[in-house]
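Right, one structure below, let's go through it.
The values are calculated or read from the model by the stated rules, or taken from the named source; none is laboratory data. Everything numeric here is computed off the predicted structure, so don't read it as measured data. Neighbour counts run over all protein chains shown; Cβ positions are idealised from the backbone, glycine included.
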Amino acid sequence: MYTIMLIDDEDEVREGIKRKTNWAACGFQMVGDYDNGRDALDAIERMQPDVVITDICMPFMDGLQLTERVAAQYRTTKVVIVTGYEDFDYAKQAIRLKVKDYLLKPINSAEFTEFLQKLRQELDEERAQRENITFLRHQFQENLPHLRERFLERMVTTGLRREEIASKLPMLGLKLGVESEEGTQAHVLLALEIDAFGRESYQDQAAEEELLRFAAYNIWHEIVEGEQGGVVFRTRDDKLVGLVTSEPARVEVVSQMLAEQVLSCIEKYLGMRVSIGISRSYASLQDLPKAYQEALTSLDYRFLLGQHRIIAIGDMEFGRSLDHTAYVRVEKRLIAAIKTGEKDVIPPTLRDWMEGMKTAGCSVEACYGKLHKLLVALMQAGVETGLAEDAVLSDHAFTELYSRKTLDAVREWLEAVCLAFVERIAENRMHASNAQLQAAIAYIHEHYADEELSLQQVCNHIYMSMSYFSALFKPHTGETFIEYVTRYRLERAKELLLTTTLKTYELAAQVGYGDPQYFSVIFKRHTGMTPKEFRAGGKIGQRL
């Protein structure tokens, strides 16, 4: 129910209106009636009614003066002028003072009731609008942090027009010096990413990490926004971003100082390791997308420099590329060491090459490009040594490469890959060599009766060099080639001596000796007996 006040210097007019109107049915409560504007204004100040119905011509303070005072001090109070025909010009003047409406005397009861009902409907609509506006303001205040973050994210990712920036900053309560004179303000962007959460044995790892992220953001917020001109926000992909605005001469120094404080506090209080990338300074907020990319690029250099550090893009050198000759030299040295099984050569070769990457100041993309080529070269070397592609590197080798966050981590992984590669090649060669040696032994067993049987002949048969064969044969059999052939021939000779009546010269020819006398000398040297003595003694199975 709305409150209403009636002011008219004619008592019978006031009484007539009061008596003939069903105020409650129209949605109003009469809170007072007065015969002059001065007393009415005092009452209005106390009660602040929703509606004031006033005559124009009154003593002490007329209706126009009262209307002017009410309009200035009580903006939500509606003023309705009651006037006669003779002072209609006054009514028009009152309308210019933004009175709600005017009524002509004499007032008809039915028309007045209809007017009040219409007025109540308008008041209902205005109240609903005010409540809606209040609700929207409340919602806006509740969502203000989120709205600020999304606005700032748009400003640093896609960029905004100067007009939009200028209009939105005050609404969002952001003071970034957008209206400052050129050259008096500069802006630097900082981007923070978490390298490690510290302890990895939380009962609920995901929940704990989310809490740590929140705690890190609070430290980030407290330190950066504690500096005049500092603003922080989170992007939708969980990056923590800080915008520092200050004088051009000190903005970069301030940014470095804030980054150092954040890095130290997060490690001290949360046990977390983070890195912060810092952009160059820019005079215009419209250049923030460039600054944001610089801050992110700075973080990429963790791959070269390592984690848990502050990296300013201005400290990095650009335009340099890796020495291709040095890369080719490293590749050849690594492949040669892998093929020859020189494990000790691999770690220092990789370490020296990657230290060169760090000092070259090349882009992260260039480093990954060379590492990618090296993996391909390793795969090709594996195939050349007879290994299947998946025996050299897993199907996810390139994914594993790109999952390493620092060059040191890549080096450790690549070193393990190369050393495992050496082991696989050695195993493969061992299997292949065993098969070749078995083929050589089978060839000896088949051709031992050939007086011309030689090491060269056997090696030609299995496609192996004599030196390599000799290096493998003795560890495999415990004997040299000559020792093995001699022993095998003499074993066959002993079998023939005990199972046949062949004469010595016949027997010698059957086991590869064309000279019977030489055969007898060799036989006695290894058995301590002549062939005749062995046959006579019947020593079956005697070993050399």
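Only one of these conditions is not met by residue 294: (1) within 18 Å of residue 417 (Cα to Cα); (2) within 26 Å of the chain's Cα centre (by Cα); (3) acidic (Asp, Glu). Which number is it?
It fails just one condition, (1).
Scanning region 273-298 for residues that are buried (at least 22 other Cβ atoms within 10 Å of the Cβ) and among the hydrophobic types (A, V, I, L, M, F, W, C), which turns out nearest to residue 157 (Cα to Cα)?
288
List pairs: first residue in region 227-248 and under 15 Å from residue 280 (Cβ atoms), second residue in a loop (DSSP other than H, G, I, E, B) anywhere in the structure, Cβ distance under 6 angstrom, at least six positions apart or on different chains.
Pairs found: 245/176; 245/177; 245/185; 245/229; 246/229.
Could you list, ordered by first residue, the pairs with Cβ atoms under 7 Å in which the first is in region 286-306 and over 11 Å from residue 363 (Cα atoms) and the second is at pLDDT 90 or above and among the acidic types (Asp, Glu), at least 6 apart or interchain?
299/193
Pull up region 322-356, narrow it to residues that are of a type in the set (Asp, Glu) and in a helix (DSSP H, G or I), then point me to the one that is surrounded by the fewest Cβ atoms within 10 Å (Cβ to Cβ).
Of the residues in region 322-356, the ones of a type in the set (Asp, Glu) are 323, 331, 342, 344, 352, 355.
Those left that are additionally in a helix (DSSP H, G or I): 331, 344, 352, 355.
Working: 331: 19, 344: 8, 352: 12, 355: 12.
Filtering region 322-356 for residues that are of a type in the set (Asp, Glu) and in a helix (DSSP H, G or I), the one surrounded by the fewest Cβ atoms within 10 Å (Cβ to Cβ) comes out as 344.
Could you check, for region 92-99, whether at least one of its residues is modelled with pLDDT under 80, closer than 24 Å to residue 63 by Cα, in contact with a strand residue (DSSP E or B) (Cβ under 6 Å, 6 or more places away or on another chain) and not in a helix (DSSP H, G or I)?
Within region 92-99 (the criterion being modelled with pLDDT under 80, closer than 24 Å to residue 63 by Cα, in contact with a strand residue (DSSP E or B) (Cβ under 6 Å, 6 or more places away or on another chain) and not in a helix (DSSP H, G or I)), the answer is yes, since at least one residue qualifies.
Just to be sure, is residue 251 surrounded by 15 or more Cβ atoms within 10 Å (Cβ to Cβ) and assigned by TED's automatic domain parsing to the domain that holds residue 404?
no
Return the pair list, or none, for Cβ contacts closer than 9 Å from residues in region 254-273 that are in the same structural domain as residue 194 (by TED's automatic domain parsing) to residues that are assigned to a helix (DSSP H, G or I) and among the acidic types (Asp, Glu), at least 6 apart or on different chains.
Once the first residue is in the same structural domain as residue 194 (by TED's automatic domain parsing) and sits in region 254-273, its partners that are assigned to a helix (DSSP H, G or I) and among the acidic types (Asp, Glu) give 265/222; 273/267.
Yes or no, residue by residue, for (1) assigned by TED's automatic domain parsing to the domain that holds residue 298; (2) modelled with pLDDT of 85 or more; (3) in contact with a helix residue (DSSP H, G or I) (Cβ under 8 Å, 6 or more places away or on another chain); (4) surrounded by fewer than 14 Cβ atoms within 10 Å (Cβ to Cβ):
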{"residue": "362", "(1), (2), (3), (4)": "no, no, no, no"}
{"residue": "380", "(1), (2), (3), (4)": "no, no, no, yes"}
{"residue": "390", "(1), (2), (3), (4)": "no, no, no, yes"}
{"residue": "400", "(1), (2), (3), (4)": "no, yes, yes, no"}
{"residue": "417", "(1), (2), (3), (4)": "no, yes, yes, no"}
{"residue": "442", "(1), (2), (3), (4)": "no, yes, no, yes"}
{"residue": "466", "(1), (2), (3), (4)": "no, yes, yes, no"}
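Pairs only if they're at least six apart or on different chains, beta carbon under 7 angstrom, first in region 56-67 and under 9 Å from residue 36 (Cα atoms) and assigned by TED's automatic domain parsing to the domain that holds residue 84, second assigned to a loop (DSSP other than H, G, I, E, B) and of a type in the set (A, V, I, L, M, F, W, C); list them, first residue then second.
62/56; 63/56
Consider residue 455 against the criteria (1) farther than 22 Å from residue 519 by Cβ; (2) surrounded by 15 or more Cβ atoms within 10 Å (Cβ to Cβ); (3) in the same structural domain as residue 515 (by TED's automatic domain parsing): it satisfies all of them except one. Which criterion is unmet?
Among (1) farther than 22 Å from residue 519 by Cβ; (2) surrounded by 15 or more Cβ atoms within 10 Å (Cβ to Cβ); (3) in the same structural domain as residue 515 (by TED's automatic domain parsing), the lone unmet condition for residue 455 is (1).
Can you pull out every residue in region 255-291 that is farther than 21 Å from residue 218 by Cα and either out of contact with any Phe, Trp or Tyr (no Cβ under 8 Å at 6 or more places or on another chain) or part of a strand (DSSP E or B) (or both)?
Of everything in region 255-291, those that are farther than 21 Å from residue 218 by Cα and either out of contact with any Phe, Trp or Tyr (no Cβ under 8 Å at 6 or more places or on another chain) or part of a strand (DSSP E or B) (or both) turn out to be 280, 281, 282, 283, 284, 285, 286, 287, 289.
Can you tell me which residue is nearest to residue 329 (Cα to Cα) among those in region 345-360 that are among the aliphatic types (A, V, I, L, M) and modelled with pLDDT of 75 or more?
Result: 350.
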